[in-house]
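Please read the structure below before turning to the comments.
The values are calculated or read from the model by the stated rules, or taken from the named source; none is laboratory data. If you're wondering where the values come from, they're calculated on a predicted model, not measured in any experiment. With ideal geometry, Cβ positions are generated from the backbone for all residues, glycine too; neighbour counts draw on all protein chains shown. Heads up: the accessible areas ignore ligands, DNA and RNA and are worked out on the full protein's heavy atoms, side chains in. Shrake-Rupley method; radii C 1.70, N 1.55, O 1.52, S 1.80 Å.
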Amino acid sequence: MSKRDFLSTADLTRKELDDLLDLAARVKGKRPGQVLAGKVLGLLFFQPSLRTRVSFEVAMVQLGGHCIDLSSDDLYELEPQEQAVMDGRAEEHVKDAARTLSRYVDALGIRSAARTGTWERDRQELLVRNYAKYASVPVINLETSFEHPCQAIADVLTMRENLVTLKGRRLTLLWCNHPEPKSLGPTHSILQAAAMMGMQVTLAHPLGFEVDPQVLERSRALAGEHGGGLRVVNDMETAAHGAEVLYARSWGCTKYWDDAEREAMVKRSLQGWRVDEALMASTNNAFLMHPLPVRRNVAATDAVLDGEHSVIYDQAANRTHVQKALLMQLLK
Ligand code: CP
């Protein structure tokens, strides 16, 4: 049987997404025991993490398995390009690392580096996709510039817990300000997953912060197929009006992907893109989501993050349950 990777929410069928959510709900209600006894998950982080790292480790331990944290400082610099003449800094090719690690561990989880060049390069997710190509064990995307599927499935579970049925429910994905350039991973992944659930999605961002056109078109098609809809707006007030879920997150400007100073200059005039009580009041009693970490009083105010409609810690908690379900599906 060929191995299965988990790289994108777009790789799932609707049935697979439902099955994963149902299993996550079951393992949340009742611990499944030591079903992964003896299994080892290797974790490779090329960027910092709190939630992803800890929730995967907790999930593996509670299922009877182990994690090995292969932090980037302990690894050789890797070459992701095919047929590269390796006379530069990279000491090892991804294909050799992937094939070797597959002899040691039962699955690999990888978070790639933040920005390695142009958007055209980073949107290809070379490191994670080449690991998946050459590893003989399942590879799990722990966030690239393009996707963060584990976060998105936990987000959908959180929405399902609060709204019960998601078809036709109004979700606003709202760009918010951040002093640093951020990935498009969480936005792309939740956009596709929410569209697949048949939600009425509003994507809201300032001009210049468009998401990848391929993801937008795929999400539009998925929404159409599953009885939902997708619209793009460029002002916060229109976006918030009537929303049942307000999901705030910053993401980067693909045009200036390799020019952080230019992106920072553009964002100087966008400090109003922040969620506050007035914006929440214009929604349809929406609950507030954010994948964390969050820049308090930049992306959203303390009042709304700590308010009664905030479910940000439920999202974080659901990472463990969703990842248990995913690991059980990939490794059992
Ligand atoms: N949301 C999320 O992935 O958090 P970390 O960056 O802390 O893993």
From the P(r) of region 198-279, can you give the percent of Cα pairs sitting at distances over 19 Å?
-> 45
Rounded to the nearest 10 Å², the accessible area of LEU292 using a 1.4 Å probe with every protein chain kept is 30
Can you check what the net charge comes to around ALA195, using other residues whose Cβ is under 12 Å from the Cβ of ALA195 (Lys, Arg +1; Asp, Glu -1)?
-> +3
Work out how much length TYR76 to ALA221 would gain on full extension: take 0.36 nm times their residue separation and subtract the Cα-Cα distance, in nm to one decimal.
-> 48.1 nm
Mind checking which lysines have their C-alpha under 26 Å from LYS255, skipping anything on the same chain fewer than 8 residues away?
-> LYS182, LYS267
What number, rounded to the nearest 500 deg cm²/dmol, is the helix-based mean residue ellipticity at 222 nm of the chain, given -39500 (n - 2.57) per DSSP H run of at least four residues and division by all its residues?
-> -11500 deg cm²/dmol
Given a cut-off of 33 Å, what percent of all Cα-Cα pairs of the chain lie beyond it?
-> 25
For region 200-215, what does the Karplus curve 6.51 cos²θ - 1.76 cosθ + 1.60, with θ = phi - 60°, yield as ³J(HN,Hα) per residue in whole Hz, taken in order and with x for Gly and Pro?
-> 8, 9, 10, 9, 10, 7, x, 4, x, 10, 5, 7, 4, x, 5, 5
So how compact is region 92-155: Cα radius of gyration and Dmax in angstrom?
-> 12.1, 36
Express in Å², to the nearest 10, the accessible area of CYS176 obtained by rolling a 1.4 Å probe over the protein heavy atoms while all chains stay in place.
-> 0
Report the relative contact order of region 151-315, percent, no decimals, based on alpha-carbon pairs under 8 angstrom and at least 6 residues apart.
-> 27
Solvent-accessible area of ASP19 with every protein chain in place, 1.4 Å probe, in Å² to the nearest 10 | 60
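Expressed in whole Å with the largest first, what are the equivalent ellipsoid semi-axes of region 1-151 derived from the C-alpha gyration tensor as the square root of 5 times each eigenvalue?
Ellipsoid half-lengths, sorted descending, are 27, 18, 14 Å.
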Provide, for q = 0.12, 0.19 Å⁻¹, the log10 of I(q)/I(0) from a solvent-free Debye sum over equal Cα point scatterers in region 192-332.
-> -0.58, -1.31
Angle in degrees between helix 51-62 and the longest Cα principal axis of the chain, rounded to the nearest 10 | 60
Heavy-atom accessible area ranking, 1.4 Å probe, most first, across GLU237, GLU82, GLU92 | GLU237, GLU82, GLU92
Could you tally the net charge around PRO291, taking each other residue with its Cβ under 11 Å from the Cβ of PRO291, Lys/Arg +1 and Asp/Glu -1?
-> +2
Protection-proxy order for peptides 308-315, 148-155, each taking the mean of Cβ atoms within 10 Å per residue, highest first = 148-155, 308-315
Candidate lysines for bridging to LYS95, where Cα separation is under 19 Å - those fewer than 8 sequence places away on the same chain excluded | LYS3, LYS133
With all protein chains present and a 1.4 Å probe, how do MET280, MET159, MET86 order by accessible area, largest first?
-> MET86, MET280, MET159
Computed magnitude of the charge dipole of the chain (debye, nearest 20; Cβ of K, R +1, Cβ of D, E -1) = 940
